[in-house]
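For reference, the structure discussed in these notes is given below.
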Amino acid sequence: MKIILCYLNLARRRFFPVGVTMLVNELVAHNHDVKIFDISFYEGIGEDIDEKRRRLRFYKSIEDVIPIKLKKTNPLEDLKRHVKEFNPGLVGFSALSIDFSLAKTLAKVVKEEDPTTITILGGIHATVAPEECILEDCFDIICIGEGEIALTKLAKSIENGTDYSHIDNLWVKNTGGIVKNKVHSFRKLDELPTPDWEPFDPQHIWGALYGKMYRMAPVELSRGCPYRCTYCVNDSLRNIYDSGKNYHRRKTPEKAIEDMLYLKEKYNIEMFYILDEAFLAMKNTELQRLSELYRKKINTPFFSQTRAETVTDEKAKIIAEMGCEVISMGIENGNEEIRRTVLHRNVSNEQIIKAFKTMQKYGIKVSSFNMLGVPGETKKTILETIELNRLCKPDSIGVSYFFPYKGTSLRNLAIKEKMITGNEDPSLANEKPVLDLPTISKEEIIHFYEHFVEYCTNRNG
Ligand code: B12
Ligand code: SF4
């Protein structure tokens with residue numbers, strides 16, 4: 001059957017989206033005719049966060065920028081035309097929380113053009129806020145959690161004209177109300193199709209790293225995360241599945257290498273981005289097996305992220321030999337008490353400094369992630385964050401305002417303590433701090449955000 005999948009990317013992430021790629025590839029493998037409607041390259045849509053980060057010196061300026069061709073047409077009109085000409089039976093929307101408003105606007109356009117077209121919303125926002133999403137008339141179905149199995153079952157069912165109201169992971173509106181099915185199915189990662197970006201705009205291939213543009217491939221070797229930070233969606237994703245214990249899982253090294261080899265050869269890849277939340281959270285033996293195969297068959301530079309606790313001398317050496325150029329690690333807050341009690345990151349300053357030094361010893365550049373304005377934040381704790389960055393000497397530094405996303409336990413605390421109302425607009429997440437903290441003003445947080453890199457790198461700052 002004919003399906004349009006809308007990739008909403010208001011944050012203008014450059015890379016090919018891994019989740020939507022998997023959904024398209026699965027649907028195509030089941031003989032469906034799928035079109036991507038991608039808002040990534042429309043003029044005037046979304047915020048170029050990368051540009052802002054360059055201004056604040058989070059990123060190095062790029063020497064050889066590959067210019068992006070932006071569409072000057074109206075995305076709403078374009079979607080309307082696609083629906084009219086392609087006549088899909090199903091239109092899906094993939095949205096983070098910041099994209100939810102746009103998802104509604106586009107879904108309304110679809111319904112106006114053809115009220116019989118079935119619409120489904122999936123992605124992180126539908127997963128963490130299904131009650132809010134299902135209330136919208138423009139969506140007939142909500143997908144909670146991973147969508148590969150649910151979406152292919154749904155497409156088949158619509159095509160065959162059979163009842164689709166009892167598919168796992170879906171909430172479905174029908175004449176009797178809303179059918180809320182259980183959320184438990186996820187595809188074994190080794191059973192996923194090999195990623196392919198044929199249906200996407202090829203401009204997604206270009207990504208920047210440390211001031212250089214590369215033909216870059218984002219790849220997932222695992223899904224989920226073994227940790228439970230209070231500000232991260234993984235905390236609730238684990239609870240959403242009825243058997244949370246299998247939530248963090250990985251591809252076998254053989255499957256991971258097979259996928260990367262295909263991408264490398266087909267798209268002439270110069271740099272891999274291993275998306276795993278905590279890349280080194282695996283046994284030495286597993287990493288060694290991956291490394292062996294990677295060096296033999298892929299032999300391409302890559303970058304990734306991990307937690308300080310997962311870093312050992314041996315692992316750093318292995319990934320340096322594999323060609324790891326950059327590892328990002330969260331410092332988040334320089335105060336151990338805040339990290340432990342508020343963020344649930346039980347790691348000492350000493351461990352963090354050691355992890356940075358270990359990576360750098362093997363020639364791997366390290367980027368730090370930091371967050372300003374968490375509950376309990378004071379001027380003193382921000383200065384401690386700056387000091388910890390100075391001690392770690394990251395090769396690049398990223399900072400963001402803390403935003404209490406739905407589905408996180410820190411959001412519940414912020415509401416309870418009346419630091420937020422709960423109605424804050426997620427599209428402001430990168431704009432300004434949203435919490436009313438009794439311990440520090442928003443103006444002070446903005447000041448530290450704007451000058452963060454300067455303060456961390458300049459001893460006189
Ligand atoms: C990797 C990643 C990134 C990468 C993206 C690279 C890429 N090519 O995709 C980068 C680093 C660019 C990134 C950036 C950001 N990210 Co990010 N990122 C992630 C991370 C760790 C994994 C995402 C992923 O690929 N998951 C694996 C895929 C398979 O899952 P998925 O995309 O969700 O898709 C599945 C399902 O959701 C579902 N599904 C998705 N769409 C649809 C559609 C339909 C129709 C259906 C049926 C199903 C469905 O099926 C898919 C397949 O199973 C998540 C954490 C997480 N666990 O999700 C955070 C996360 C998505 N990021 C988040 C945020 C906030 C951001 C930023 C906006 C942060 C910021 N403040 O700047 C930026 C974007 C700005 C920018 N320009 O960089 C938040 C979103 C929170 C929210 N409620 O919206 C998350 C959840 C982390 C968190 N804080 O908890 N991110
Ligand atoms: S380590 Fe990172 S991905 Fe894992 S729960 Fe914490 S913030 Fe989320």
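Each peptide in 161-169, 318-326 was scored by the mean count of other Cβ atoms within 10 Å over its residues; highest first, the order is 318-326, 161-169.
Applying a 4.7 Å Cβ-Cβ cutoff to the chain, the cysteines left without a disulfide-compatible partner are CYS6, CYS133, CYS138, CYS143, CYS225, CYS324, CYS392, CYS456. In a DSSP loop and with at most 15 other Cβ atoms within 10 Å, the trypsin sites (Lys or Arg not before Pro) in the stretch 283-318 are LYS283. Extending 7 Å from Cα along the Cβ direction at ILE420 and again at ARG390 yields two label points whose distance is 3.2 nm. On the beta carbon distance between LEU413 and GLU131, with R0 = 22 Å, the FRET formula returns roughly 0.65.
Relative to the present Cα-Cα distance, how much length would full extension add between ILE446 and ASP190 at 0.36 nm per residue of separation?
87.7 nm
R0 = 41 Å: FRET efficiency of THR252 with ASN87, Cβ-based, nearest 0.05? The computed FRET efficiency comes out at 0.50.
Two-decimal Rg/Rh of the chain from alpha-carbon positions, Kirkwood Rh?
0.95
The length gained by stretching the chain between GLU337 and HIS30 to full extension, at 0.36 nm per residue less their Cα-Cα distance, is 105.4 nm. Three principal axis extents describe the C-alpha atoms of the stretch 2-180; from largest down they are 56, 34, 30 Å. Computed extension gain for ILE353 through GLU431, at 0.36 nm per residue and net of the alpha carbon distance, reaches 25.1 nm. Placing pseudo-labels 7 Å out from each Cα toward the beta carbon at ASP78 and ASP313 gives an inter-label distance of 5.4 nm. Our summary gives the chain a relative contact order of 13 percent, counting only alpha carbon pairs under 8 angstrom and 6 or more residues apart. Under a 5 Å amide H cut-off, with hydrogens placed 1.01 Å from N, ARG12 pairs with GLU47 among residues at least 5 apart or on other chains. Of all aspartates and glutamates in the structure, those lying under 18 Å Cα to Cα from LYS156, and not within fewer than 8 positions of it along the same chain, are GLU26, ASP33, ASP140, GLU146, GLU148, ASP168.
Protection proxy ranking of 375-382, 330-337, by the mean of other Cβ atoms within 10 Å over each peptide's residues and highest first, is 330-337, 375-382. Near SER222, the amide H atoms lying under 5 Å from its own belong to LYS251, ASP276; only residues 5 or more places off or on other chains count, and H is placed 1.01 Å from N. Over the chain, DSSP H runs of length four or greater, each weighted -39,500 (n - 2.57), average out per residue to a 222 nm ellipticity of -10500 deg cm²/dmol. Legend: distances between Cα atoms for LYS35/LYS71; LYS182/LYS315; LYS354/LYS380; LYS188/LYS297; pairs beyond 28 Å are LYS182/LYS315.
Each reported figure results from applying straightforward, stated rules to the coordinates on display, with no laboratory input. Keep in mind it's a predicted model, so treat the numbers as computed, not measured. Cβ sites come from the backbone with ideal geometry, for glycine too, and all protein chains shown count toward neighbours.
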